[in-house]
Amino acid sequence: MSIEKTEAVVLRAVNYRDSSKIVTFYTKRYGKMSAMAKGARNPKSKFGSLFQPLNYLQIVFYRRENRELQYVSSSDFVKYFKSLTSDVDRLSIAMSLIEITDRVMHDEEENEKVFNLLVDSLAALDSPQTFPRNTFAHFGLNLAIGLGFTPNFGNCLVCGKPIDLETQRKVYYVVEKGGPLCETCSANLNEGFLLSGSALLTLRSFVGLSPAAAAGAGMDPALRNELANFAFVYLKRHAGMLKEIKSLKFMAASI
Ligand SMILES: [Zn+2]
């Protein structure tokens, strides 16, 4: 057994016995991990209200390999996202990022890129001058990339010709294969998810962009919805299971 320290975001917490909690974290060093916080529900507990979903913490824990449940010994905030809990739109998008991370990431699989994407996206949502749907779209897209499903926004999936947005205002995008179709190939194939040229360009610019920059990008609200819908559909196809994400209900009507 060893004593370890890592940054972590609380994904969920359930009560255990009279006074404890079992907390599921997404950690920087160990991926998704569950740990027991003994006595966390005692009014005088040193853990206070640290173990609420969305909290970005530093945790110290006793780690034993191959044990399903670790033991938290101490914890503190790295950063407190204070605006998230007072704005319903920001909170529901933040919760959807948490739920998605919980669903698609596996136990004990370290992915620092995904961890940084999550905390930087939560920080962007917490900042007042940002657009929550931008963050959703950017997160979904870059999470898919972090999982190895990198989309192509440049060349036709079938013939390889660059997509020319001067002549092509709308593009059919084949989500399962992760690529767009040129006009000639889309006339032959008749399939795909319809994207405007501006959506294709914006998605292209979102690949690898920082969450802060993406969150502040000004654009038409219809375009913002188009990006968020595309990211949802893309992630659902490649990461699976997202249909059951509770906090995504707000998006279902527009998909
Ligand atoms: Zn083509």
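What to note about this one:
- Qualifying residue in the range 76-86 (condition: farther than 24 Å from residue 120 by Cβ, in a loop (DSSP other than H, G, I, E, B) and at pLDDT 90 or above): no
- From the list 10, 14, the one residue that fits, being in a strand (DSSP E or B) and within 19 Å of the chain's Cα centre (by Cα), is 10.
- Only one entry of 40, 35 meets the criterion of being part of a loop (DSSP other than H, G, I, E, B) and surrounded by 18 or more Cβ atoms within 10 Å (Cβ to Cβ), and that entry is 40.
- Lone unmet requirement of (1) touching a His at 6+ places or on another chain (Cβ under 9 Å); (2) modelled with pLDDT under 95 for residue 124: (2)
- Flag for residue 150 being out of contact with any Asp or Glu (no Cβ under 7 Å at 6 or more places or on another chain), closer than 23 Å to residue 224 by Cβ, modelled with pLDDT under 95 and polar (S, T, N, Q): yes
- Top-ranked residue of the range 143-186 - restricted to ones that are part of a loop (DSSP other than H, G, I, E, B) and among the β-branched types (Val, Ile, Thr), ranked as nearest to the ligand (Cβ to nearest atom): 158
- Taking every residue in the range 180-208 that is among the acidic types (Asp, Glu) and at pLDDT 90 or above and pairing it with any residue that is outside any helix (DSSP H, G or I) and within 16 Å of the ligand (Cβ to nearest atom), at least 6 positions away or on another chain, the pairs with Cβ-Cβ distances below 6 Å are 183/168.
- Residues that are surrounded by fewer than 17 Cβ atoms within 10 Å (Cβ to Cβ), more than 25 Å from the chain's Cα centre (by Cα) and touching a residue at least 24 places away in the same chain (Cβ under 8 Å), drawn from the range 43-62: 46, 62
- Given (1) more than 16 Å from the ligand (Cβ to nearest atom); (2) in a helix (DSSP H, G or I); (3) of a type in the set (A, V, I, L, M), number of the condition residue 209 does not satisfy: (2)
- So residue 76, is it under 24 Å from residue 236 (Cβ atoms), acidic (Asp, Glu) and surrounded by fewer than 22 Cβ atoms within 10 Å (Cβ to Cβ): no
- Sole exception among (1) at negative phi; (2) at pLDDT 95 or above; (3) of a type outside the set (Gly, Ala, Ser) for residue 54, by number: (1)
The values are calculated or read from the model by the stated rules, or taken from the named source; none is laboratory data. This structure is a prediction, so every number in the text was calculated from the model and none was measured. Cβ sites come from the backbone with ideal geometry, for glycine too, and all protein chains shown count toward neighbours.
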